[in-house]
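Each remark here refers to the structure printed beneath this line.
The values are calculated or read from the model by the stated rules, or taken from the named source; none is laboratory data. Predicted model, so just to flag it, every value in this text is computed and none were measured. Note that each Cβ is placed from the backbone with ideal geometry, even for glycine, and that neighbours are counted across all protein chains shown. Quick note on the areas: whole protein, heavy atoms, side chains included, nothing else; ligands and nucleic acids left out. Shrake-Rupley method; radii C 1.70, N 1.55, O 1.52, S 1.80 Å.
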Amino acid sequence: MISAPVRLRRPGGDFDAVPVAEDVHWIGALDPTLRSFDIILKTANGTTYNSYCVRGSEGVAVIDTVKAEFADEFFSRLEQVARYDEITTIVLNHLEPDHTGALPELLRRAPQARLYISHRAPLMLKGLLKHDGESLDFTTVTQGDSISLGDRSLRFLHTPFLHWPDTQCTYLVEDGILFSGDIFGCHFCDPRLFNDKVGDFRFSFEYYYQHIMRPFREHVLAALPLVEALELNLICPAHGPIHRDAPRGYVKRYRQLAESQLANEARQRDKTLVIFYISAYGNTAVMAQAIKDGAESVDGVRVSVYDLQGGEVTPFVDLIEEADGLAIGSPTINGDAVKPVWDLLSCLTQVPLKGKLGAAFGSYGWSGEAVGMLEDRLRGLKLRVPCPGIKLKLIPTGEELADCHAFGRNLALQLTGQAAFRVVDIAELA
Ligand code: FEO
């Protein structure tokens with residue numbers, strides 16, 4: 001049974017709109033009992049769905065809405081600060097349902113309002129609203145576009161893939177307020193709302209970055225200069241506390257997180273190959289060592305070997321994020337690779353992997369499916385798998401270990417750009 005959302009009532013009045021700046025109000029919703037977001041993200045403190053209302057001399061803007069179940073709370077707060085016929089502008093920084101659930105009803109109540117979305121968003125908007133054929137009226141905007149509310153103006157920042165293709169930020173120019181969407185947000189529910197009033201939310205902020213933004217590190221680094229160039233009095237994200245005290249500190253923290261690198265004492269020009277294995281009877285372990293020796297026979301490659309039985313997954317994910325290549329070895333047990341291997345691979349969606357080299361190997365007793373399965377998974381994660389995996393029945397012979405050595409050497413040659421292209425005869429593909 002799905003329980004009804006708990007309503008957190010703010011001291012001083014039910015569902016009050018909260019002033020953020022002069023004629024700028026928070027009109028979002030509090031969801032204190034949420035315990036997982038998008039199924040996979042833990043939310044020990046619940047979350048908030050932040051929406052804002054900005055009043056100018058010639059118009060009222062609503063920036064983002066809330067999850068559908070919380071629409072009554074949102075409309076209650078909105079009605080305290082604006083009439084529906086005053087709303088000229090609706091801005092969606094991001095179209096995920098936690099920010100667009102109340103949109104259809106808002107459009108119905110304020111039909112005169114103009115809807116602004118990023119230029120990457122129209123197909124998503126149509127998909128979300130499942131529009132029934134009527135023309136869906138909206139304006140797309142991108143970097144530098146702005147709209148006027150009379151004495152105030154909203155300017156748009158093109159910040160895609162943070163964390164969906166459509167994401168953008170909106171900047172209230174005259175007040176130095178950034179409505180940042182999911183960026184700089186976190187899942188933390190505290191009705192006191194402002195970062196200088198709420199409980200300690202540092203864990204939630206970091207956790208949110210690691211799980212939502214980290215896979216898009218390059219996009220974070222592309223977006224940060226746009227934010228860093230702004231005068232920032234407030235950052236108003238779409239989830240969690242509003243950054244009123246030292247807002248620029250959150251921008252700096254994003255840069256630290258996105259630029260973070262493990263200390264690397266290897267020569268900068270070295271390529272890095274990390275080999276992970278797990279072994280039932282020591283055979284896959286022997287293969288891993290032979291592959292390591294082969295890879296190390298190529299100059300300019302730094303090779304590391306880890307037994308998955310002896311480590312924690314999280315530091316391994318950090319290693320893989322910064323490695324140029326990843327080789328995984330698993331025995332085949334009951335027609336599958338073993339659980340610790342899948343556990344590691346399931347964590348790799350947290351980090352960008354596209355273009356890294358991937359490889360698989362393993363010893364088997366009966367059928368040896370694990371290697372092919374691992375290669376498929378590596379390709380699914382967008383790694384390139386240029387060297388066919390190597391699988392051996394039970395105890396490797398001296399000749400087979402020489403094959404493993406050659407396999408490792410070939411991986412290293414691929415990493416250093418020395419591998420010769422192989423001409424494939426069309427007959428091989430038949
Ligand atoms: Fe808060 Fe990506 O939705």
Return yes when D270 is open to solvent by 20 Å² or more (accessible area, probe 1.4 Å) and at pLDDT below 95 and no when it is not.
yes
Out of the residues in the stretch 25-69 that are of a type in the set (F, W, Y) and within 13 Å of the ligand (Cβ to nearest atom), state the one that is nearest to F194 (Cα to Cα).
Y49
When the stretch 214-240 is checked residue by residue, the ones that are within 16 Å of the ligand (Cβ to nearest atom) and either assigned to a strand (DSSP E or B) or without any contact (Cβ under 8 Å) to a residue 12 or more places away in the chain (or both) are I235, C236, P237
Quick check on the stretch 173-213: of everything there that is under 13 Å from H243 (Cβ atoms) and among the charged types (D, E, K, R), which residue is nearest to the ligand (Cβ to nearest atom)?
R202
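Conditions (1) touching a strand residue (DSSP E or B) at 6+ places or on another chain (Cβ under 7 Å); (2) farther than 30 Å from V220 by Cβ; (3) in the same structural domain as A295 (by TED's automatic domain parsing), marked per residue:
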| position | (1), (2), (3) |
| --- | --- |
| K339 | no, yes, yes |
| L357 | yes, no, yes |
| S363 | yes, yes, yes |
| L383 | yes, no, yes |
If you go through R152, R109, R114, the only one that is under 28 Å from T47 (Cα atoms) and basic (K, R) is R109
Residue hits (the stretch 348-399; among the polar types (S, T, N, Q) and part of a strand (DSSP E or B)) are S363
Going by what's in this entry, would L78 be described as of a type outside the set (V, I, T) and open to solvent by less than 10 Å² (accessible area, probe 1.4 Å)?
yes
Output for the stretch 210-223, where each listed residue is at pLDDT 95 or above and surrounded by fewer than 20 Cβ atoms within 10 Å (Cβ to Cβ):
L221, A222
Would the stretch 160-179 turn up any residue that is of a type in the set (F, W, Y), closer than 19 Å to H25 by Cα and open to solvent by less than 40 Å² (accessible area, probe 1.4 Å)?
yes
Can you name the condition, by its number, that A419 falls short on among (1) crowded, with 19+ Cβ neighbours inside 10 Å; (2) within 23 Å of T272 (Cα to Cα)?
(1)
Those residues that are assigned to a loop (DSSP other than H, G, I, E, B) and closer than 26 Å to G46 by Cβ, I need them from the stretch 83-106; list them, please.
L92, N93, H94, L95, E96, G101, A102
